[in-house]
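The values are calculated or read from the model by the stated rules, or taken from the named source; none is laboratory data. Predicted, not measured: the structure shown is a model, and the values here were computed from it. Cβ sites come from the backbone with ideal geometry, for glycine too, and all protein chains shown count toward neighbours. With ligands, DNA and RNA removed, areas are computed over all heavy atoms of the protein, side chains included. Shrake-Rupley method; radii C 1.70, N 1.55, O 1.52, S 1.80 Å.
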Amino acid sequence: MDNKTSIWQRIGIQDWFLTSENAVKAKKQAMLTPDDIFNYVIAKFNDSIRQLSFAGRTVFYHEYIISFNTEDYAEFMHNKQGMFGIIVDEIVKKFYELLKQQRAAGKIVQPSSSKWVFRLVSHPDYARGDIGFIGKLLPGSSKKDDNLRVTFIPRQTGVAQTFDISQDILKGFNYYSDGYYELPFIEDLGFVENSVVSSGQKKLARFETILPEKQFAGKKVEFIMTEDEIIVSGDEETREGSGIFKIPSEWVNTPHLQIRLNKSDGKFYLTSFGELTTMNENEVVKSDVNSPSWVELPVNSKILLNGIVGINIFKS
């Protein structure tokens with residue numbers, strides 16, 4: 001019988017963490033929790049700052065490849081659907097909190113990329129509860145001569161092992177379209193709600209707005225439209241979900257706009273329920289919620305709500 005060589009044997013670290021087959025079977029297989037994943041990635045982020053920073057500049061990884069056992073991955077995707085997106089959401093919030101601390105301490109915080117990327121993958125050689133990490137400074141970099149720094153924590157020992165591997169090793173991992181998450185890097189280190197988008201979701205349009213309130217100091221809010229129809233509402237909105245674009249401003253009515261994509265002609269249309277709405281400097285007649293009147297919303301249009309809050313729409 002031909003014994004298949006594992007990834008760990010190929011890179012020479014088989015004996016670092018693998019126990020005998022009988023010993024593994026004798027141990028109860030632990031399940032990964034959202035807290036395990038969150039704390040693990042935050043620890044790797046802090047490690048990257050310690051290892052990469054120099055001359056008063058804070059440097060950190062922008063791409064995070066997090067590897068799991070195949071069954072653990074399936075557990076999250078099928079029984080805890082949507083959980084990975086929530087975890088990534090909270091991870092990036094914490095990233096910005098930590099970077100703000102660096103900046104407050106007088107460090108120079110400048111990104112090496114314009115985005116954060118998270119790739120959640122599985123590998124057949126991982127046991128239940130195992131978790132691995134591969135960090136990249138520049139997302140998407142795939143130079144053959146570049147080595148990657150990898151950290152692996154086997155559940156059996158709980159002891160982290162770090163080593164360098166070749167890019168070719170990544171061919172052994174299983175990648176999934178619904179395990180890819182991408183977020184823009186926000187220069188003012190302010191997390192943007194609803195900016196996490198999985199590659200498995202359709203991206204129909206992107207909306208940007210700048211908040212006028214002093215407490216937000218010109219913070220940009222970005223919303224990715226993934227549903228065929230969305231509602232744009234103000235700070236009194238209580239509903240949540242991918243079809244709700246909540247703008248935390250008292251200058252936006254609740255609801256204020258409804259925007260939909262007409263699949264038959266591929267165009268966007270808008271109806272207004274707010275006090276005052278202009279699109280490309282033309283006023284949009286206010287509609288009744290129960291009897292909306294639709295007008296075409298061209299891509300790259302500028303919408304102004306109540307003369308204060310501006311929204312730009314772009315093709316995603």
- Task: Per residue of region 65-77, in order, report the coupling 6.51 cos²θ - 1.76 cosθ + 1.60 (Karplus, θ = phi - 60°) as ³J(HN,Hα) in whole Hz, putting x for Gly and Pro.
- Result: 9, 10, 10, 10, 5, 4, 5, 4, 4, 4, 4, 6, 6
- Measuring from label point to label point, each 7 Å out along Cα→Cβ, what is the GLU90 to ASN300 span in nm? 4.2 nm
- Task: Note down the relative contact order for region 40-141 as a percent, whole number, built from C-alpha pairs under 8 angstrom at least six residues apart.
- Result: 48 percent
- Message: Using all alpha carbons of region 61-128, what is the percent of pairwise distances in each 10 Å bin, ordered from the shortest bin to the longest?
- Response: 17, 39, 26, 15, 2
- Task: Extending each Cα 7 Å along its Cβ direction at LYS202 and LYS214, get the distance between those two points in nm, one decimal.
- Result: 4.5 nm
- 21 Å Cα-Cα threshold exceeded, pairs from LYS136/LYS246; LYS220/LYS267; LYS203/LYS267; LYS100/LYS220; LYS220/LYS286; LYS44/LYS203: LYS136/LYS246; LYS220/LYS267; LYS220/LYS286; LYS44/LYS203
- In region 225-316, which trypsin sites (Lys or Arg not before Pro) are in a loop and have at most 10 other Cβ atoms within 10 Å, using DSSP for the loop call? LYS263
- Query: Got a number for carbon plus sulfur as a percent of region 208-316's accessible area, 1.4 Å probe?
  - Reply: 47 percent
- Task: Could you please put ARG50, ARG119 in sequence from largest to smallest accessible area, using a 1.4 Å probe?
- Result: ARG50, ARG119
- Which whole-Hz ³J(HN,Hα) couplings does region 280-288 yield from phi under the Karplus relation 6.51 cos²θ - 1.76 cosθ + 1.60, θ = phi - 60°, glycine and proline marked x? 6, 6, 10, 5, 9, 5, 5, 10, 7
- State the three equivalent ellipsoid semi-axes of region 212-316, derived from the C-alpha gyration tensor as the square roots of 5 times its eigenvalues, in descending order and whole Å. 20, 15, 14
- Query: How much accessible surface area, in Å² rounded to 10, belongs to the heavy atoms of TYR180 with a 1.4 Å probe?
  - Reply: 40 Å²
- Taking SER249, SER114 and ranking on accessible area (1.4 Å, protein atoms only), highest first, one gets SER114, SER249
- Ignoring ligands and nucleic acids, what accessible area does VAL289 show with a 1.4 Å probe (Å², nearest 10)? 90 Å²
